[in-house]
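Contents: one structure, followed by commentary.
The values are calculated or read from the model by the stated rules, or taken from the named source; none is laboratory data. Only a predicted model underlies this, so the values are computations on that prediction, with no experimental measurement involved. Cβ sites come from the backbone with ideal geometry, for glycine too, and all protein chains shown count toward neighbours. These area figures cover heavy atoms from the full protein model, side chains too; ligands, DNA and RNA do not enter into them. Shrake-Rupley method; radii C 1.70, N 1.55, O 1.52, S 1.80 Å.
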2 protein chains.
Amino acid sequence: MSRLDSFIRRLQAQRACLDHAAELIQGVDGVVLELGLGNGRTYDHLRELFPDREIFVCERRVAAHPDCVPPPERLILGDMRETLPALHDRLGGRVVLAHFDVGTGDAAANRAIAAELTAFIALLLCRGGVLVSDPQIDAPELAPLPLPKGIAPERYHLYQRK
Amino acid sequence: MSRLDSFIRRLQAQRACLDHAAELIQGVDGVVLELGLGNGRTYDHLRELFPDREIFVCERRVAAHPDCVPPPERLILGDMRETLPALHDRLGGRVVLAHFDVGTGDAAANRAIAAELTAFIALLLCRGGVLVSDPQIDAPELAPLPLPKGIAPERYHLYQRK
């Protein structure tokens, strides 16, 4: 399998997990949180999936397509190790879907960043809230969910806040 | 259709066109030319498709994954407006498959770059050689080929050297 094959499968898995998560949270109140804006493609997909929900985005610095930059009142700039704890007063327990993909391109580095941030993410999620994640995440507050049909194990990850 | 949807379709079209081109040139002698290395994902796919062919790569400067950097003797660094004409002595009429994707992310800019380089690319291709291209290309020496099944018109482009 070439890197092109592997990349296409990863993007398909990401999209399938987001679409599936959107079904899971139907009818549940809450905001959406995009952890890592990157070029804004996934943010654009979230906007399509959730036209009626507020979508907040955390990113170190914006490098997205100009059409895919969130409005300033929902853009949280800075190191997530600082911005996520500070978000607690504003969004604690109010996030019904979070998507985590900081996309360093290095799987071990992504897991390490995820491990540092997991406790803060869990505190932002409401009970029953869903976390869609590129890296695998181990946290007592998060139960793994089955992946959508056709997505190979470990290609992407889904969790639910207990 | 979100930018994520659109990106996945573009990558699938790229891969389908490359795989189709590989069938078209089966049994025809010649080297492969990758115009634009980028992160090296497509180069990696070309390596898988053509384990027995020489693959040359033109790129302004290398920013690819370390596993996807071609050996120095087949890496042509610099502005393609200068390096492609200079390649003529070495590869003129010997390229059986060229892939053009300079990937600026701006369709109009990509077409403009392609227009500047088309004449040089055509001179490198052998008769019957195939050009797989992200931007549309207009050149008297190149005849459009039908896209593989399932790929929407204009999503990617295939040409054959007359």
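General remarks:
- Per residue solvent-accessible surface (Å²) - region B:21-147, probe of 1.4 Å: 47 Å²
- Between region A:56-107 and region B:92-137, the alpha-carbon center distance in angstrom: 39 Å
- Region A:80-162 - percent relative contact order, Cα under 8 Å, separation 6 or more: 32 percent
- Total accessible surface hidden between A and B, rounded to 100 Å², 1.4 Å probe: 2000 Å²
- Look at the Cα gyration tensor of the protein assembly as shown: its axes a ≥ b ≥ c give a/c of at least 1.5 with a/b over b/c, and that counts as prolate.
- Take every Cα pair under 8 Å whose residues are at least 6 apart in sequence, average their separation, divide by the length of region B:42-84, and the relative contact order is 40 percent.
- If you take all other residues with their beta carbon under 14 Å from the beta carbon of B:Pro85, and give Lys and Arg +1 and Asp and Glu -1, the sum is -2.
- 14 Å beta-carbon shell around A:Ile25, net charge (K/R +1, D/E -1): -1
- Minimum 40 Å² accessible area buried by the other protein chains, region A:1-24 residues, probe 1.4 Å, relative to alone: A:Ser2, A:Arg3, A:Leu4, A:Asp5, A:Phe7, A:Ile8, A:Leu11, A:Arg15
- For the protein assembly as shown, the 222 nm mean residue ellipticity estimated from helices alone, with every DSSP H stretch of n ≥ 4 adding -39500 (n - 2.57) and the total spread over all residues, rounds to -11500 deg cm²/dmol.
- Helix runs (DSSP H) in chain A reaching 18 Å along axis by Cα, Kyte-Doolittle at least -0.5: A:3-24, A:107-124
- Taking a ≥ b ≥ c as the square roots of the Cα gyration tensor eigenvalues, chain A comes out rounded, since a/c falls below 1.5.
- Summary of packing: across the peptides B:58-66, A:89-97, A:123-131, the per-residue average of other C-beta atoms within 10 Å ranks them, highest first, as A:123-131, A:89-97, B:58-66.
- Label-point spacing at B:Pro146 relative to the other copies reads 4.1 nm, in ascending order, each point sitting 7 Å out from Cα along Cα→Cβ.
- Percentage relative contact order, chain B, counting C-alpha pairs under 8 Å, at least six apart: 24 percent
- Within the accessible area of the protein assembly as shown (1.4 Å probe), percent carbon and sulfur: 49 percent
- Oblate is the label for region A:111-162, because the ratio a/c of its alpha-carbon gyration tensor axes (a ≥ b ≥ c) is 1.5 or higher and a/b is not greater than b/c.
- A label point on B:Asp5, set 7 Å along the Cα-to-Cβ line, lies at 2.8 nm from each of its counterparts in the other copies, closest listed first.
- Electrostatic tally near A:Asp67: other residues with Cβ closer than 14 Å to its Cβ, Lys and Arg +1, Asp and Glu -1, net 0.
- Across the identical copies, how the B:Ala63 labels are spaced - nm, sorted shortest first, 7 Å along Cα→Cβ: 0.8
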